Amino acid sequence: MIELLLNDITKIPVDAIVNAANTSLLGGGGVDGAIHKAGGKEILQECQKIRNKQGGCKVGEAVITSAGKLPAKFVIHTVGPVWNNGKHNEESLLSSAYKNSLKLASDNQILSISFPNISTGIYKFPKEKAAEIAIQTVLNFLTTTDKIEKVIFVCLDKENYNIYTKLLKQNNPL
Ligand code: AR6
């Protein structure tokens with residue numbers, strides 16, 4: 001099942017919240033800053049351990065930590081691509097960020113997972129194209145497993161929310 005919300009992702013109870021992180025895993029602005037602020041220092045400590053072990057997280061990949069004080073069991077940190085005129089594999093890297101987050105979720109018995117609109121803030125990925133990729137990747141993944149029961153797209157801005165509303169109606173999974 002796919003759900004759509006206009007809200008702050010740190011307020012929505014789920015098994016796993018996806019973070020739009022950067023390759024350093026050391027936090028930043030946007031949703032990354034909001035997640036670390038609301039979740040507390042435990043999340044950063046675990047990110048640092050992952051960094052020490054494997055040197056951060058590559059674009060399109062994902063890692064998992066606990067969720068500190070957030071209303072979730074886990075945070076899945078993924079790194080979306082920076083939009084750079086669309087000729088640097090941005091579309092497939094964004095799809096990989098969603099796919100690898102979903103894979104980690106299904107490997108960790110996560111039933112419900114929330115996604116922010118990865119790469120559409122500081123990384124400047126065009127919003128409509130990003131939403132098409134996000135929805136298509138999630139729908140494809142859900143046809144391959146029945147382990148994940150609920151995927152929630154959480155939009156903070158009205159523009160993204162309106163784009164998702166339109167595209168999800170066209171795909172009709174709601
Ligand atoms: N809840 C839900 N969505 C949010 C929230 C929130 N609390 N805050 C922002 N958004 P961005 P990116 C939306 O910039 O483009 C960080 O510094 C926002 O409106 O957070 O992937 C990282 O460390 C936008 O639609 O992530 C990286 O360096 C979406 O989240 C870099 O930004 C993504 O915007 C990643 O850039």
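The values are calculated or read from the model by the stated rules, or taken from the named source; none is laboratory data. Please read all numbers here as calculations on a predicted model, not as lab measurements. Cβ atoms come from the backbone with ideal geometry, glycine included; neighbour counts cover every protein chain shown. Side chains are part of the model used for accessible areas, which takes the heavy atoms of the whole protein and leaves out ligands, DNA and RNA. Shrake-Rupley method; radii C 1.70, N 1.55, O 1.52, S 1.80 Å.
So Gly55 clears everything in (1) open to solvent by 10 Å² or more (accessible area, probe 1.4 Å); (2) farther than 30 Å from Gln170 by Cα; (3) within 14 Å of the ligand (Cβ to nearest atom); (4) of a type in the set (Gly, Ala, Ser) except one condition, right? Which one?
Checking Gly55 against (1) open to solvent by 10 Å² or more (accessible area, probe 1.4 Å); (2) farther than 30 Å from Gln170 by Cα; (3) within 14 Å of the ligand (Cβ to nearest atom); (4) of a type in the set (Gly, Ala, Ser), the one that fails is (3).
Output the qualifying pairs, or none if there are none: Cβ atoms under 6 angstrom, residues six or more apart or on different chains, first residue in the range 81-107 and within 15 Å of Asn117 (Cα to Cα), second residue open to solvent by 80 Å² or more (accessible area, probe 1.4 Å).
As it stands, the answer is Trp83/Lys124, since those pairs meet every condition given.
Answer yes or no as to whether Ile64 is under 19 Å from Gly33 (Cα atoms), buried (at least 18 other Cβ atoms within 10 Å of the Cβ) and more than 16 Å from the ligand (Cβ to nearest atom).
On the way: under 19 Å from Gly33 (Cα atoms): yes; buried (at least 18 other Cβ atoms within 10 Å of the Cβ): yes; more than 16 Å from the ligand (Cβ to nearest atom): yes.
So Ile64 fits the description; yes.
Look through the range 81-124, keep the residues that are hydrophobic (A, V, I, L, M, F, W, C) and surrounded by fewer than 24 Cβ atoms within 10 Å (Cβ to Cβ), and return whichever of them is nearest to the ligand (Cβ to nearest atom).
We begin by selecting, within the range 81-124, every residue hydrophobic (A, V, I, L, M, F, W, C); these are 82-83, 93-94, 97, 102, 104-105, 110-111, 113, 115, 118, 122.
Filter once more, keeping what is surrounded by fewer than 24 Cβ atoms within 10 Å (Cβ to Cβ): 82-83, 93, 104, 110-111, 122.
On the way: Val82: 8, Trp83: 9, Leu93: 11, Leu104: 17, Ile110: 18, Leu111: 21, Ile122: 4 Å.
Only one residue fits best here, namely Ile122.
Which residue pairs have Cβ atoms closer than 7 Å, lie 6 or more positions apart in sequence or on different chains, and pair a first residue in the range 1-29 that is under 25 Å from Ile163 (Cα atoms) with a second residue that is small (Gly, Ala, Ser) and open to solvent by 30 Å² or more (accessible area, probe 1.4 Å)?
Asp8/Ala34; Thr10/Ala34; Thr10/Ala38; Ala20/Gly30; Asn22/Gly28
Just give me the residues in the range 137-169 being farther than 14 Å from Glu3 by Cα and either modelled with pLDDT under 95 or away from the ligand (no atom under 12 Å from the Cβ) (or both), in sequence order.
Listed by number, the residues that qualify are Thr137, Asn140, Phe141, Thr143, Thr144, Thr145, Asp146, Lys147.
Considering only the range 67-80, state which residues are open to solvent by less than 60 Å² (accessible area, probe 1.4 Å), of a type outside the set (A, V, I, L, M, F, W, C) and within 21 Å of Val151 (Cβ to Cβ). Steps first, please.
Of all residues in the range 67-80, those open to solvent by less than 60 Å² (accessible area, probe 1.4 Å) come to 67-68, 70-72, 74-80.
If we keep only those that are of a type outside the set (A, V, I, L, M, F, W, C) too, we end up with 68, 71, 77-78, 80.
Residues satisfying the conditions are Pro71, His77, Thr78, Gly80.
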